[in-house]
1. Among A:T34, A:T44, which is the only one that is under 23 Å from the mean Cα position of the chain (by Cα) and either among the small types (G, A, S) or facing another protein chain (nearest Cβ under 7 Å) (or both)?
2. Say we look at the stretch B:565-584 and pick out the residues that are facing chain A (nearest Cβ under 8 Å) and under 20 Å from B:N500 (Cβ atoms); which of these is surrounded by the most Cβ atoms within 10 Å (Cβ to Cβ)?
3. Given the condition in the same structural domain as A:N315 (by TED's automatic domain parsing), in a loop (DSSP other than H, G, I, E, B) and in contact with a Leu (Cβ under 7 Å, 6 or more places away or on another chain), answer yes or no: does some residue in the stretch A:240-262 qualify?
4. Using the structure shown, decide if B:V553 is farther than 28 Å from B:I374 by Cα and crowded, with 20+ Cβ neighbours inside 10 Å.
5. Taking the stretch B:318-364, which residues are without any contact (Cβ under 8 Å) to a residue 40 or more places away in the chain and either buried (at least 22 other Cβ atoms within 10 Å of the Cβ) or charged (D, E, K, R) (or both)?
6. If you check B:A137 against the conditions, is it part of a loop (DSSP other than H, G, I, E, B), within 20 Å of the chain's Cα centre (by Cα) and either free of Cβ contacts under 8 Å to residues at least 60 places away in the same chain or under 24 Å from B:L549 (Cβ atoms) (or both)?
7. Suppose we filter A:T55, A:T18 for residues that are surrounded by fewer than 21 Cβ atoms within 10 Å (Cβ to Cβ), within 14 Å of another protein chain (Cβ to nearest Cβ) and assigned to a strand (DSSP E or B); which single one remains?
8. Does the stretch B:620-635 contain at least one residue that is under 30 Å from A:R147 (Cα atoms) and either part of a helix (DSSP H, G or I) or free of Cβ contacts under 8 Å to residues at least 24 places away in the same chain (or both)?
Amino acid sequence: MSVAIHFDHVVKKYGNNTIIPDLSLDVKEGEFFTLLGPSGCGKTTLLRMVAGFNTIEGGTISFDKQVINDIAPAKRNIGMVFQNYAVFPHMTVRQNVEFGLKNRKLPKDEINTRVNEILETVKITEYANRLPERLSGGQQQRVALARAIVIRPNLLLMDEPLSNLDAKLRIEMRNAIKTIQNEVGITTIYVTHDQEEAMAVSDRIAVMNSGVIQHVSTPKSIYQRPSNLFVANFIGHSNTLNAKADGQKGTLTFENGYSMPYEYFASPDTRGDVKVSVRPEEFIIQAEGNPGVKAVVKSSIFLGLMTTYFVELFNGELVEITEKSSISSIIPNGTAISLGFEAEKINVFTVDGAKSLTKGVLDDAHT
Amino acid sequence: MRTPDGIRPRKKKTGIMLLGLLLLVAGIVLAACGIMGKSQTDYYARKTKLPAGEWIDYATGKTPAPELGEEDYKGRNLTASGRSKQTVLEQLEKVTQFDKVIMPMWIPFVILGAAMLVLGAFLLIRNDVWPMVTVLAIIFYLVFLIYPLYMLLRQALLNSEGQLSFEVYEKIFSKAYYSNAIWHSLLISAVVTLISVLIATPMAYIMSTMKIRGAGVLRILILVSSMSAPFIGAYAWIQLCGRNGVLTNLLAQIGINIGDIYGFKGCVIVMSFQLYSLVFMFISGAFKSMDNSLIEASESLGCAGIRKIFKVVLPLMLPTLLAGALLVFMRAFADYGTPMLIGENYITLPVLVYKEFFSELGGSENLAAAISVIAILITTGVFLLQKYIANRKVFSINALHPVEAKKAHGVKNILAHVYCYVMVGIAIMPQCLVIFNSFRNTSGRMFAEGFSLKSYAEAFNTVSNSIWMTYLMSSISIVCIVIIACMIAYLVVRRRNVFNASVDVMSMFPETVAGSILGIALLTAFNKRPLLLSGGMFIMILSYTIRRLPYTVRSSAAILRNISPSIEEAAVSLGTGSAKTFFRITTPMMMPGVISGAILSWIMIITELSTSIILYNPSTKTMTLEIYSQVIRGNDGVASAISAILTFSTVIALALFFKLSGKKEISM
């Protein structure tokens, strides 16, 4: 039985050191929810508070309506998957998976059926009687996943489960995790610092920084309409340019005087200095002389599907631009160009970067 | 991000925990008082030959104290009834206020104490089993380590009237007999440490960088020599080079007088050749974790040969070298058997302490205690100094390419082989000699022509109890050591807090206390009623346990640090409590490492002499004690046979160690 999780003004401190000052958040039942942020942002701390391995210094965490602050970790009915798998090395795959069920004193038949079922689901039936040391990293992580799910937990917690795997296996495993979670339908909280991984698996993502939630929404919405400059820079790559906004006229004017129409301001009252965040693929490269921001190509990298250009703007700032590779030649270094923008895709923020001025930002974070 | 919480579960209920703790401690104290009351009653009852109940009535004043009347005298002598009244009166004098309260009440005390203990334990364990383990560990060390050391210190500072006095110290430092012993011990330890380092460092370097034929065998021989009972070396050297030694006589025949081996010279030779193996093992281990690229880098930068060794290799090994040197220093400083046998008039500290403590002629327990305290101060000082230096010079090396042994050529190769063979040969000589002697034919106490198993037969006939006791006590100790060490290691690694840090410090402290001094401390504390523990198996096992715990705790902690806490968290999240997690998950994972460490400790216990010689009684005599007394009696055949049995046990245990740990050598 899955639960919805409710974080209400949660505080985490180590001595006088506050890791999470005040955090509120709702995770829906059956949802694949990801905590994403740079290392040290408090995401793992928060996850371990849910698991019961960290104390909660303030506020409450509840499963459905039940506050779980004072329930022992062993009694929370949580499945947890760890970064280093934490498979018991002295037990076979089957013994590992059975472990939680035996603690729950289920009848033997039921244990057997459930274990066989889950081994099938995560595709490790053939290794059932092996010791973990004879399994690959990916297989061990499947064991850890099976062991966590087989107890039919209210909630599945995953702490960077893929970071110890190599790149290829990581993609394979994240697809497997997503599929299995869909099948079982358990509410899942997933912690990662890899934004690509987060986008691939999550229903919704909470971007965290310094213990504060920056943005909670679907992957698409977070990528396309980030709620602040930190989110824009952390998810994918962004270049930040200075400009002046005029909400009444609907224009953005860049430092060299280039002015472009921009009809996506959240409020017509927007005026004055702003930051414009432009992803590498949101530039339009034009020949010199066209209206736009003046720039010079410094170098380029051909990556097959895309070509990346490193470009110096008129004011000496460096930006990164990607274009779909074309069959015609790559723009040579030193070429002067003029840059335009895909107005619908770019985002405008306040000068301090704290708030988006673009319309269409969807944010479920409690403010 | 790994948070320092460990797997401590959620909110701590401080109030309930404190109550539980209070109940637990109070329960233990009450129950202990009750048991002491019972034992006091039994003691007095035995003395007065009265039934316990009657005696209690006298003691509490229910029955008035007997008076000696006219009728109790027949002539001028006491009658039988007069004598018993007299005894009662004598014993009544000794009754303390504590006795008066506790003796009639011992049953309620024990019951109440046990009830509080159980309730306290329950309250403590309810959330988490570990706070109670902390409490028990602290009580264990307070009672069996801190209290004895305190008693020793008391005896060292108080005179017979119980006043603070430094007279003994004046005596120690003014009389050469005493102050020389301190000086002798320091000198021997320092010289032995230096020689050991000088022998072992080149040898470890040679064996790590050059291919030596039979290197595997050499390493095992070195190990065996380091594991032998401390004074077997002295015994063998005396047989070889003593006044009537084989070599002495042989050389005398061709007119060479090698002088005598007794005294300072003998101690240094014997100890150096026995203890250099420790430094060797440390440095060999350091070479294992040394990256060959560092040596190659040094060579490519133009620093090769001897310069390379002094500029690059040695500085990197310094912490290890110091750790090995410290161990040698401590062992040499604490060695009792060697100076006793071969030192003759060259008296060292442990010998002096023993003589003062047990001498019937004018020995002084105060003096022995005072010297012990001085010895503890010295060893603790050396220990702290070594820690201080080593901590400032620690480097972490990522050994991607370990140092490989290469084949050397020409003179260099020959010299390297000669050096290693000779040094190992001398180190293992005592063992070989002893084993050889054990098979020689004997007549009476003398060796005779030919070979036989007579010595073994006599050993099994006369001292089989010692053999049995050695294995029994060492095995019980090892079980205790493994259990206690695993738990303390868990506290130290997984539950760092002030209390567990203090458990850590206390468990490590015996390392700096020489065996004989710990023995004296235990004896001082526990040789009087009501805390009478001396003279039995218990105190022997206790001393072995306390002395070997530091090593086992340290090795267990190292193993535990390599086990990710998330494995335990996984178990907890799957529904196991803290105690079950420890026994089902943590312990099985630690066991292989802990057991192989325990085997080494077991060898140390069966070959230990300095504590046993202070604490034993005739029924708890061990093999080393037996060898020692046979040597003193000149019964060389039996002594050799028991020594050989000890060596065989060591070799078998080592084989077991290698099999269990899957290692090829021992790194310290």
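The values are calculated or read from the model by the stated rules, or taken from the named source; none is laboratory data. What you see is a predicted model; the values in this text were computed from it and never measured. Because the Cβ atoms are built from the backbone with ideal geometry, glycine has one as well, and the counts that use them run over all protein chains shown.
1. Only one candidate qualifies: A:T44.
2. B:V572
3. yes
4. no
5. Result: B:T320, B:K355, B:E356, B:E360.
6. Values: part of a loop (DSSP other than H, G, I, E, B): no; within 20 Å of the chain's Cα centre (by Cα): yes; either free of Cβ contacts under 8 Å to residues at least 60 places away in the same chain or under 24 Å from B:L549 (Cβ atoms) (or both): yes.
No; evaluated as a whole, the condition is false for this residue.
7. Values: A:T55 fails: assigned to a strand (DSSP E or B).
That would be A:T18, the only listed residue that is surrounded by fewer than 21 Cβ atoms within 10 Å (Cβ to Cβ), within 14 Å of another protein chain (Cβ to nearest Cβ) and assigned to a strand (DSSP E or B).
8. No - not one qualifying residue is present in the stretch B:620-635.
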